[in-house]
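Readers should treat all values here as calculations from the given coordinates under stated rules, not as data from a laboratory. In this text the structure is predicted, and so the values were computed from the model without any measurement. Cβ sites come from the backbone with ideal geometry, for glycine too, and all protein chains shown count toward neighbours.
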Amino acid sequence: MGGAVSAGEDNDDLIDNLRNAEYIKTDLVEDVFRAVDRGDYYQEELRENAYKDLAWKHGNIHLSAPCIYSEVMEALKLEPRMTFLNLGSGTGYLSTMVGLVIGPYGVNHGVECHPEVVEYSLQKLQNFKLKSKSLDKYDLCEPRFVVGNCLQLSSGVSIYDRVYCGAACPPQHENYMKNLIKIGGILVMPLEDQLVQIRRTGQASWETKSILPVSFATLLPPSRDGNKALEIVELPETSPLSLQDICRFCIRSIVRKVVVEEHPSLLTRKRRKKKQKKKKRLRRIVIPILEESDNEGMFYRFQCLIMGRVHINLHSH
C-alpha cells in the first residue's frame, strides 16, 4: 500500500506532501506527524527509504505507508485524556503519535504478538524520550506494550475510547473487535479490503463508514502449543498519576503557556516552499550530417533544436 504522494527529502517534506494531497486534513494531526520522525522507526541502514509513501517490512517489523497512517489518525478523532488500544502495535510509531495527542492523563496500550518486535518498539520509544525535541511542546502518554495475540484478550479487559487494529480482521471476529470500544467510541481497522471507521452508538449498535480500499495481512489466529491451553493476554492495569507527576505536568503546562505568550511566533506552522526548477536555456544547434550524396546536387542538412524534439530539413538543388 502507498505511493499516493511524492517521496520527501525528510520527515517535514513528507508531511508537506501528505497535507497538500489532503491525506492529513487537520492541524492537530499534522503537528504530531511532524513531532515524530518516521525515519527514527526504521533501521538506520534503511532510513533513506523512510520518507517514501510506501509500507516497509523487515522480518516481523512492519510500518504501514504514511498515507494509511494519515487516514487512521484522522479517523480516530483523538482528544486529550482518551484511552487508546493498538492491536498489532508494531514499532510503536503510531502509538507514540497518539500518546502526544491524548497526553499524560490518557491511557495508551499496545498488543503485539512478536516478542522481538515489542523489544524493538521499546528501544524506539526510549530513543524518542531521550532525543526528541517535541517533548518541549508535548507531554507524552507513554505507550505500554504487551506480548500476545490480540484475539485472546482477557474477558475482564477494559473497554476503550479509541481502538486501532493494524491487520485485516477476519469477518468472524468483527463483533469481538466492536465490543472493545465504549459507547461513543471509535474503532478503525481493515475489514474485507476496506479501512473502516466504526463508531459505537449504543450497547448493541454501531455505525460503519468506509474510508478507503486497502490490502493488509490478516490477523494471526490463536495457536496452541501442544496440549497447552491458549494463553490469555492481560493488559496493563491503569492507576492514577502520582502527585509528583501531576505537579510536574502542571508546571510544564504553565511554563509552556508563558513561553508562547512571550514568543507567539513559536506557534507559527512553517511549511516549506516548493523549490522551483530552473528552466534550461534553449540553444539552437545546426549540425551538418552529410554534405554530399550519391545523387549529385543533393545534400542533407539537419537542424536540431534542443527543446524536446528534432526538426529535419531536406534541401535539394
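A few notes on this one:
- Among the listed pairs Lys77/Lys131; Lys57/Lys133; Lys77/Lys182; Lys57/Lys124; Lys57/Lys131, those beyond 20 Å (Cα-Cα): Lys77/Lys131; Lys57/Lys133; Lys57/Lys131
- Sites listed here are GluC sites (Glu not before Pro) in segment 16-47 whose DSSP assignment is loop and whose Cβ has at most 14 other Cβ atoms within 10 Å: Glu22.
- Gyration tensor (alpha-carbon) shape descriptor, segment 119-234, a/c threshold 1.5: oblate
- Set of aspartates and glutamates with alpha-carbon distance to Lys25 below 14 Å, sequence-local pairs under 8 removed: Asp16, Glu71, Glu74
- Anisotropy class of segment 24-150 from Cα gyration tensor, a/c 1.5 cut: rounded
- Whether segment 103-158 is rounded, prolate or oblate, judged on the alpha carbon gyration tensor where a/c under 1.5 counts as rounded: oblate
- With θ taken as phi - 60° and the Karplus curve 6.51 cos²θ - 1.76 cosθ + 1.60 applied, the whole-hertz 3J(HN,Hα) list for segment 15-29 is 5, 4, 5, 5, 5, 5, 8, 6, 6, 8, 10, 10, 5, 4, 5 Hz, x standing for glycine and proline.
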